[in-house]
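Beneath this line is the structure, given in C-alpha cells, with notes to follow.
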Amino acid sequence: MTDKESSTGRDAANTNTIYTAIIIGGGPAGLFCACRAAGGRILVLEKMPSCGRKLCITGAGRCNLTHTGTITEFMTHYGDGGKFLRPALMNFSPEDLLAFFREHGLFFTADENGKYFPEDGMAKDVLSVLLAECTRAGVEIRCGEPVRAIECTNDHFSVKTGDATYTAEHVVLATGGASYPATGSAGDGYTLAGMRGLPVTETGPALCAVIIRDYPFHALTGISFDSVPLSLYRDNKKIRQVTGDIILTVNGISGPGALHISRYVQSGDTLHVGFVTGTDEESARKYLTDTIANGKNRQVKTVLAEREIPVRFLIRLLELSGIPRDATCAHLTKTDRNTLIRYLTDFPFTVAGTEGYTTAMATRGGVARGAIQQKTMESKAVPGLFCIGEVLDIDGDTGGYNLQAAFSTAALAADAMVSEKTGRKA
Ligand SMILES: Cc1cc2nc3c(=O)[nH]c(=O)nc-3n(C[C@H](O)[C@H](O)[C@H](O)COP(=O)(O)OP(=O)(O)OC[C@H]3O[C@@H](n4cnc5c(N)ncnc54)[C@H](O)[C@@H]3O)c2cc1C
C-alpha cells in the first residue's frame with residue numbers, strides 16, 4: 001500500500017468490522033508487527049499523512065538497521081533494559097532481521113564499526129519493504145488518523161480517532177517515544193497507556209547533543225575528535241564513562257560519544273573530555289610532555305599541530321590557559337605546560353542540559369517494563385493490549401540498537417497474537 005493510497009481519497013472508516021488487531025502507529029515496530037501478524041484482519045492507524053517518517057531519517061537517511069555482535073553483547077547496549085529485551089532478541093535476532101530484508105531483496109553490510117546499513121539503498125527502501133509486505137499480507141493502513149482513546153468493552157477494545165471508533169480483539173501500542181516530534185511520535189503513547197492504567201516511568205530525551213554552560217568553543221563548530229573518553233561526574237563522584245567520537249557544536253558537544261552520555265547527564269554535572277588520548281590518561285600526558293620537551297624553540301601550537309590536534313583548537317586552549325599563542329616549547333613554564341596538558345587530556349565542562357526532544361534520537365523512560373510480559377509484550381493487567389518499540393521504557397545506544405529493539409519487540413507481539421499465547425484468536 002502506498003502512502004498515497006492510504007492517506008488520501010481513502011475508503012470510509014470500516015467501523016463495523018471487528019479487527020483481529022489494531023496497531024496504533026505506523027513506524028517500524030507497528031508496520032513489522034502488522035505484516036508478521038498477518039492472517040487476521042489487521043488495521044494500522046497512523047497519525048501522520050504517511051507512515052515511517054522517523055524511519056526515513058534514521059542513520060542520516062541511510063538507516064543503521066542493526067549491529068554486529070552476540071545477543072549477550074546486544075543486551076549491554078540498553079542500560080537497565082537489556083535483560084528485559086533478552087527474550088525478544090532471542091526470538092527475533094539481528095540475524096533474523098537481516099534475513100527478513102534479504103528475503104525481500106534488500107541487502108545490508110556492516111561498516112568498520114559493526115553498524116549495518118543497506119548496501120545500495122536508503123532508509124526509505126527499508127520502509128518500502130515494510131509497506132509492500134503489509135500490502136501483500138492484506139493489512140489495512142489508515143494514515144492521518146491520530147488515536148485519541150482506547151476503551152475496553154465486553155472482551156473487545158474500542159479505539160477512537162478524531163473521525164471514527166474501531167473495534168478489535170487486540171490493540172498494539174506502537175506510537176514511539178516523544179523525541180523528534182515532527183515525525184509524529186510526540187508522546188501520545190504514554191497518555192494512551194495511562195488511560196488503560198499502564199504505569200509510565202519518567203521520560204526524557206536521550207541520544208541528543210549536550211549543551212555546555214559558559215561554553216568556550218562556540219567559534220570552533222565542526223571540529224571533531226575520534227574515540228575520546230567522556231567521564232561524567234555528579235557531586236564529585238564519577239557516575240559514567242563512555243568512549244566515542246565527538247564534534248564541537250555552537251553550544252556544546254555532539255557526535256556518538258556525546259549522544260551516548262546524554263541519557264545520563266543533568267544540569268550542573270561536570271563532563272570531563274580527553275581530547276588527546278593514549279592508552280590511558282597517564283600515557284597521553286607523558287606523550288604530550290615528551291612532545292613539548294622535544295619541541296625546543298619551536299612554537300607550542302606548531303609542534304602539537306603536527307600531532308594532528310587542530311590548530312584553531314590549540315590556539316583557543318592556549319588562550320584559555322593564559323599562554324601567548326606564539327609561545328615556544330622552551331619558554332613554557334611548568335605550570336603553563338601542566339595547565340595546557342590537563343586541558344588536552346581532561347577538559348572539564350559544566351553541563352547546562354541537552355538539546356531536548358526536538359532533535360533527540362530516542363526517549364528514555366516509557367511504559368514500565370514491569371507492567372509488560374517479557375515473552376509476549378502484552379500488558380500484565382490488560383490482556384490483549386501490547387506495547388512495542390520505543391513507547392516502552394527501553395532505549396539503546398546509537399549503532400542500530402533502537403531499531404533492532406523495535407523489530408524484536410514487534411515480532412514477539414505478533415507471534416504471541418498469532419500463536420494465541422494470549423488465549424485470544426489472531
Ligand atoms: C534523527 C534520528 C535518527 C535515528 N537513527 C537511528 C538509526 O540509524 N538506527 C537506530 O537503530 N535508531 C535510530 N533512531 C531511533 C529510531 O528511529 C527509533 O527508535 C524507532 O523509529 C522507533 O520505532 P517505533 O516504531 O517504536 O516508533 P516511531 O518510529 O517513532 O513510530 C511511531 C509511529 O506512531 C505514530 N503515532 C504516534 N502517536 C500516534 C497516535 N496517537 N495515533 C496514531 N499514530 C501515532 C507516529 O506518527 C509514528 O509514525 C533515530 C532517531 C532519530 C530521531
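Just so it is clear, none of the values below were taken in a lab; they were calculated from the coordinates. Computed from a predicted structure; not experimentally measured. Every residue, glycine among them, receives a Cβ derived from its backbone with ideal geometry; neighbour counts consider all protein chains shown.
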Open item on the list: I need the phi-derived Karplus couplings for the stretch 348-360: 6.51 cos²θ - 1.76 cosθ + 1.60, θ = phi - 60°, integer Hz, Gly and Pro marked x.
Closed with: x, 10, 9, 6, 8, x, 10, 5, x, 4, 3, 10, 5
- [ ] With a 10 Å radius around each residue's Cβ, average the other Cβ atoms per peptide and rank 140-149, 287-296, highest first.
- [x] 140-149, 287-296
Open item on the list: With the crude spin-label approximation of a point 7 Å out along Cα→Cβ, what separation in nm comes out for residue 375 versus residue 280?
Closed with: 4.5 nm
TODO: Please report, in cubic angstrom per residue, the volume enclosed by the convex hull of the alpha-carbon atoms of the chain.
DONE: 142 Å³
Task: Lys/Arg +1, Asp/Glu -1 at C-beta; the chain dipole; positive extreme among 57, 276, 88 - done: 276
Task: Ranking of 84, 225 by count of other Cβ atoms within 10 Å, fewest first - done: 84, 225
TODO: Evaluate the charge dipole of the stretch 202-282 about its Cα centre and quote only its size in Debye, nearest 20, assuming +1 on the Cβ of each Lys and Arg and -1 on the Cβ of each Asp and Glu.
DONE: 240 debye
Task: Cβ-placed point charges (K, R +1; D, E -1), dipole of the chain about Cα centre in debye, nearest 20 - done: 720 debye
- [ ] Note down, for the stretch 94-156, the three equivalent ellipsoid semi-axes (square root of 5 times each alpha carbon gyration tensor eigenvalue), biggest first, whole angstrom.
- [x] 33, 14, 13
TODO: Give me 75, 90, 417, 48 ranked fewest to most by other Cβ atoms within 10 Å of their Cβ, as a rough exposure proxy.
DONE: 90, 75, 48, 417
Open item on the list: If each DSSP helix of 4+ residues adds -39,500 (n - 2.57) and the sum is divided by the residues in the chain, what number results at 222 nm, nearest 500 deg cm²/dmol?
Closed with: -9000 deg cm²/dmol
- [ ] Please find the FRET efficiency linking residue 96 to residue 152, where r is the Cβ-Cβ separation and R0 is fixed at 35 Å, and quote it to the nearest 0.05.
- [x] 0.60
Task: Taking the chain and dividing mean pair separation by its residue count, relative contact order in percent (alpha carbons under 8 Å, at least six apart) - done: 23 percent
Task: Separation of the residue 201 and residue 315 label points, Cα + 7 Å toward Cβ, nm - done: 4.7 nm
Open item on the list: How would 272, 331, 260 line up from fewest to most surrounding beta-carbon atoms within 10 angstrom?
Closed with: 331, 272, 260
Task: Selection from 191, 335, 255, by position along the positive dipole direction of the chain (Cβ) - done: 335
Task: Surface/4 estimate of mean projected area, convex hull on alpha-carbon atoms of the stretch 306-425, nm² - done: 12.1 nm²
Task: Separation of the residue 294 and residue 267 label points, Cα + 7 Å toward Cβ, nm - done: 4.7 nm
Task: Binned Cα-Cα distance frequencies in the stretch 210-354 - 10 Å width, integer % - done: 12, 43, 33, 11, 1
Open item on the list: Can you give the FRET efficiency to the nearest 0.05 for residue 302 and residue 182, using r as the Cβ-Cβ distance and R₀ = 56 Å?
Closed with: 0.75
